[in-house]
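Quick notes on the structure that follows.
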Amino acid sequence: MKFAIFVSNRTTFPQHLVTAAIEDVANAVRKSGHTPLIPAGGVANDAQALQYADFLKENPCDGVLAVFPNFGDECSCLTALRDAGKPILFVAYADRLDQMGSAVRRDAFCGKISAVNLFRQCRIPCTVLEPHTVEVTSDIFQNNLRTFASVCRIVNGMKRLRTGSIGARVTPFKTVRFDEVTLEKYGISNESFDLSELFSRIKNLKENSDIVREKAQFIKEYSSWPAGTEDVQLRMAKLAVAIEDMIGQYRLDLVTLRCWTELEEELKLSPCMVLSMLNDKKICANCEVDTVNAIAMYALSLAADAPGACLDWNNNYGDDPDACILFHCGPTGHL
């Protein structure tokens, strides 16, 4: 992941703090396993802010670290970052009680408050994390960077999301209804497919084809099978290949499946394991055409950079109000 470093500067404060901040933050970003995009210097006025805006256009990034080594300048910060179109994390250096003289004093916390307030006024999304001020060489800042990386994955990954509903909502579950038009307002497009298209794709797959045989072998190794179930493994493989073909053809980021009762009646199998396999590959997939929760799973998987799951809150756990028994009939994979 690439983080652009933006250093806000107020020239009445010590300037050596600005130079040191660029190097310190760049080293912290490298330590976190990400790549810093390093500017020529701090930004203290509109002319420098416009140059930095051009820097962002020429150097695409996943997120911006708006760093305040001193009080900074809120107006040039806004000019530089208002059209960044990426998540922005505000970072204020901490003052030290033994370094409050004019040569070393920062006042960065106050500058950060002012800049964040201005961004809020202008309705520009930005991120602030605890603590309010931080040593960028500390483990605490490394934790902040990990959290911000999750924010970036979510914000960037949710843009122009394409969901796929394979089959209609099952009649007994009205709780999974959703409004496609509302989703579209947030940049989420849902592609809806009749279950007959899936059946047609499965019917056209040959059991002796390489792709089906390879998938069947993968399925055999993926889970435990009793003897004499090779025919079921092949049917499961054809289902997996058909769904993956639809994901590729329609450029779907996640899928939801009408999982009962037609699949059981027509194919003599339950699709839970196939959905589990997709989730293990970080392709969010769930059952019962539960699109809204699949979107939540997708956001969760982006945050964690790992497979996500949506489980049923099934039973109480004795008299403990803070515990429960939860499970799901299928697609939790190897979580």
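The values are calculated or read from the model by the stated rules, or taken from the named source; none is laboratory data. Model, not experiment: these values are computed from the prediction. All Cβ positions, glycine included, derive from the backbone under ideal geometry; neighbour counts span all protein chains shown.
Could you give every pair whose Cβ atoms fall below 6 Å, whose first residue belongs to the stretch 175-192 and is at pLDDT 95 or above, and whose second residue is of a type in the set (Asp, Glu) and assigned to a helix (DSSP H, G or I), counting only separations of at least 6 or pairs across chains? From the stretch 175-192, the pairs are ASN190/GLU180.
Take the conditions (1) surrounded by 11 or more Cβ atoms within 10 Å (Cβ to Cβ); (2) assigned by TED's automatic domain parsing to the domain that holds THR79; (3) within 21 Å of the chain's Cα centre (by Cα); GLU184 misses just one of them, which is (2). Scanning the stretch 219-232 for residues that are in a helix (DSSP H, G or I) and surrounded by 14 or more Cβ atoms within 10 Å (Cβ to Cβ) turns up ILE219, LYS220, TYR222, VAL232.
When you look at SER276, is it buried (at least 18 other Cβ atoms within 10 Å of the Cβ), within 20 Å of SER189 (Cβ to Cβ), hydroxyl-bearing (Ser, Thr, Tyr) and in contact with a Gly (Cβ under 6 Å, 6 or more places away or on another chain), yes or no? In short, no.
Taken over the stretch 67-81, the criterion of being over 11 Å from ALA53 (Cβ atoms) and in contact with an Asp or Glu (Cβ under 8 Å, 6 or more places away or on another chain) is satisfied by ASN70, PHE71, CYS75. Among residues that are modelled with pLDDT under 95, surrounded by fewer than 17 Cβ atoms within 10 Å (Cβ to Cβ) and either part of a helix (DSSP H, G or I) or within 26 Å of the chain's Cα centre (by Cα) (or both), CYS110 is included. Scanning the stretch 288-316 for residues that are within 22 Å of the chain's Cα centre (by Cα) and closer than 19 Å to LEU183 by Cβ yields a count of 16. LYS281 meets the conditions (1) under 21 Å from LEU300 (Cβ atoms); (2) crowded, with 17+ Cβ neighbours inside 10 Å in every case but one. The failed one is (2). When the helices (runs of 4 or more DSSP H) confined to the stretch 249-335 are screened for residues that are more than 30 Å from ASN144 (Cβ to Cβ) and of a type in the set (A, V, I, L, M), those reaching at least 2 such residues are found at 262-267, 272-280. The test for being surrounded by 12 or more Cβ atoms within 10 Å (Cβ to Cβ), in the same structural domain as GLY111 (by TED's automatic domain parsing) and free of Cβ contacts under 8 Å to residues at least 12 places away in the same chain holds for SER138.
Quick check on the stretch 33-69: of everything there that is surrounded by fewer than 14 Cβ atoms within 10 Å (Cβ to Cβ) and hydrophobic (A, V, I, L, M, F, W, C), which residue is farthest from LEU129 (Cα to Cα)? Per the stated criteria, the residue is ALA47.
Would you mind finding the one in ALA296, ALA323, ALA285, ALA237 that is aliphatic (A, V, I, L, M), in the same structural domain as PHE218 (by TED's automatic domain parsing) and farther than 22 Å from ILE202 by Cβ? It is ALA296.
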